[in-house]
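The values are calculated or read from the model by the stated rules, or taken from the named source; none is laboratory data. Bear in mind the structure is a predicted one, so any value in this text is a computation, not a measurement. FYI the Cβ positions are ideal-geometry reconstructions off the backbone, even for glycines, and counts take in every protein chain you see.
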Amino acid sequence: MEHIIDFASQEVPLGQMSLMLDLTPRSEILLTSVFLNIARPNVIVEFHGTIGWEARLSLLPAVPEIIFRIRRGGFTKHHTLIFQTTDSLYTGSGVLIPVMTADIATSFQFAAFPDAPDILGTYQHYHLTAEFVGSGEAAIIGPVTLIGRVIG
């Protein structure tokens, strides 16, 4: 019978800490992180996350698009990529004045076996990041939630 070996969660509430966080195009930034104990072989690492973000639109067409990633060991492109998903908002065509905003919530669930035998028996630091890759402007408004658990 499987049971939870380790559990960790972090939440940055709406409007707290560094939120609202404007996104710079093509720059991957840290949103939050958790530590998990990869206690033994044959465990499953699960992640659940929710990110509230805002698309800002002044000229159309615009397609605000954000890549959300989970990385192990750090939050730069040099660290191990565990998971990624993309969310976007298609806004149509035409001209739009004044600036309009749209609030979006992105949620995900992911499970995997640890991919490196050298991490067994250690605590690992998992980072949730965001990278703006679309057109227009976007900001992380929150809440930002990352939940991780190790099942074995």
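Annotations
- Residue within the stretch 52-69 that is under 18 Å from Q124 (Cα atoms), in a strand (DSSP E or B) and at pLDDT 90 or above present: yes
- Yes/no for L36 being over 21 Å from I140 (Cβ atoms), at pLDDT 85 or above and assigned to a strand (DSSP E or B): yes
- Summed over the stretch 102-145, residues that are under 19 Å from A55 (Cβ atoms) and either surrounded by 15 or more Cβ atoms within 10 Å (Cβ to Cβ) or hydroxyl-bearing (S, T, Y) (or both) total 20.
- Among (1) part of a loop (DSSP other than H, G, I, E, B); (2) at pLDDT below 90; (3) farther than 15 Å from V34 by Cβ, the one test that L96 misses: (1)
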